[in-house]
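The structure appears right after this line, and notes come after that.
The values are calculated or read from the model by the stated rules, or taken from the named source; none is laboratory data. Predicted, not measured: the structure shown is a model, and the values here were computed from it. Cβ sites come from the backbone with ideal geometry, for glycine too, and all protein chains shown count toward neighbours. Quick note on the areas: whole protein, heavy atoms, side chains included, nothing else; ligands and nucleic acids left out. Shrake-Rupley method; radii C 1.70, N 1.55, O 1.52, S 1.80 Å.
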Amino acid sequence: MSAKMYGYTQDSILEPLCFPEHPETSPCPAALDRPCPAALDCPSSEPLVCLFCPESLPSHQKDVLLKHLLLQHKLVIADVKLIADLPQYLLHWKGRLLEQPVEDFCSVIRTNSQGPVEKQEHYYLLCDVLPEDRVLREKLQQKRLEEVLEQQQREREDTTFHRPCMFCNDEFTGNRSSLLNHMAKEHSFSIGLPDNIVYCNQFLDTLQNKLDSLQCLYCEKTFRDKTTLKDHMRKKSHRRINSNNREYDRFYIINYLELGKTWEEVQSEDDRELVDDGDDDWSDWHAHPVSAVCLFCEHQSETMDLICSHMKLLLLLSAGLHFYQQVKLVNFIRREIHQSRCYGCERRFESRQEVLQHLTTEGHVMKLPEMSTWNQPQYYFPTYENDALLCTLSDSDEGEDDDGVPVIAEDISNLRTLKQNSVLNQLLKNRGTCS
């Protein structure tokens, strides 16, 4: 196996790649690091208003407002922690209570019901038993999920990321996955796949602040100096984060998926509990046409015949290869071009467009490296999840329709001699020499 492996050890792709279904638009760099507007336990800039009086408080004084509602107005809001956007929730109900009395919306709880009437008090419970309250909570949850997914998509497409490693002096520019990959491989510290993370810069800031405060990221004990902290984290295998620390919940997409459920509850659900309705009518299913992308340019075709006609070079490159070798060759070329590198001469470029132009002008399209370079197990896996080109490959051992002409099998008693004298074997050797 080649030691270089065309940068395989340095260029692992952690995020799943997909060809764009629509023309891409560049994200606004200024919007990439905006404060998370509705993250879990992340204070909003909007004030918290009282439902009955002009009183309002900053968002970080939530407990003060809830105490005010209880003591001054005898109102309790159920499951406040499950409300995605408390300021908007309060504004909605403040408006509704101006229109109708509180008894129309809240359950009334009478205290000291067996005592004298003058000592009895009425408290009001605002909860999601009321359909309007339930719909409001779900609407705010959905809005927050959409905002979080939009933020995550901006981070995935961001190429302006620049940050040093927390454990060494290396700096990383480009996409966040390069830094996360480095920390996982070189320092055995993984916070999860980039696809599962949102507000990545804030997450890394939080971890960096803990290390700067000489605090272990797992047990969260404080040490007297950095050397002692490093030794502790290494010896105790504490180069990981504490999954029980709810401070990190807002940085993982899974915590935004379902109203009122933590990541442990979502993961522990058993799909087998889902009831089959038995009505599997797929008659109204309409599949979208598959669009395959050329290996060597931006050309796309919605039919396999057109893409095969366009890519005659692929037929030449894959001649004599069985199906799985063709798969690995396509995935290898895809990965090299994605990383802006010519697979023929190993030269790197600034962009995909530059490497495609280089392949054409220098005639390196047909200049394949040694088979040992790309005929590796990692290239069984698609570089792009939706690479329809892989569906067009066929096994070279499969013969075409012979109109019923009988085929007489070869005498394979001397198999080694046959392999050595194979014309196909000679062609592959010649191509390796030319490259």
Projected onto the charge dipole of the stretch 158-268 (unit charges on the beta-carbon of Lys, Arg, Asp and Glu, signs +1, +1, -1, -1), the Cα from Asn175, Leu211, Ser237 with the largest positive-side position is that of Ser237
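Using only the C-alpha atoms of the stretch 158-268, find the volume of their convex hull and express it per residue in Å³. Don't skip to the end; give the middle numbers.
On the way: hull volume 12.2 nm³, N = 111.
So the per-residue hull volume is 110 Å³.
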Please compare each pair in Lys139/Lys210; Lys62/Lys236; Lys185/Lys236; Lys62/Lys94; Lys62/Lys221 to a cut-off of 27 Å on the Cα-Cα distance and tell me which ones are over it. Lys139/Lys210; Lys62/Lys236; Lys62/Lys221
Relative intensity, log₁₀ I(q)/I(0), of the stretch 105-168 from a Debye sum that treats every alpha carbon as a point, q = 0.12, 0.23, 0.24, 0.26 Å⁻¹: -0.62, -0.96, -0.98, -1.03
For the stretch 48-145, the Debye formula with one identical point scatterer on each Cα and no solvent gives log10 I(q)/I(0) at q = 0.11, 0.13, 0.24 Å⁻¹ as -0.34, -0.47, -1.40
With every protein chain left in place, what is the accessible area of Leu75 in Å² (1.4 Å probe, nearest 10)? 0
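Would you mind counting up the charge near Asp79? Only other residues with Cβ under 9 Å from its Cβ, with Lys and Arg at +1 and Asp and Glu at -1. Could you put the intermediate results ahead of the total?
Working: positive: Lys81, Arg137; negative: Asp128.
Cβ neighbours under 9 Å give a net charge of +1.
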For Thr361, solvent-accessible area (1.4 Å; no DNA, RNA or ligand), Å²: 100
For Val327, Val129, write out the residues from largest to smallest accessible area, computed with a 1.4 angstrom probe and no ligands counted. Val129, Val327
Pairwise Cα inverse-distance average, inverted: Kirkwood Rh of the stretch 209-257 (Å): 11.7
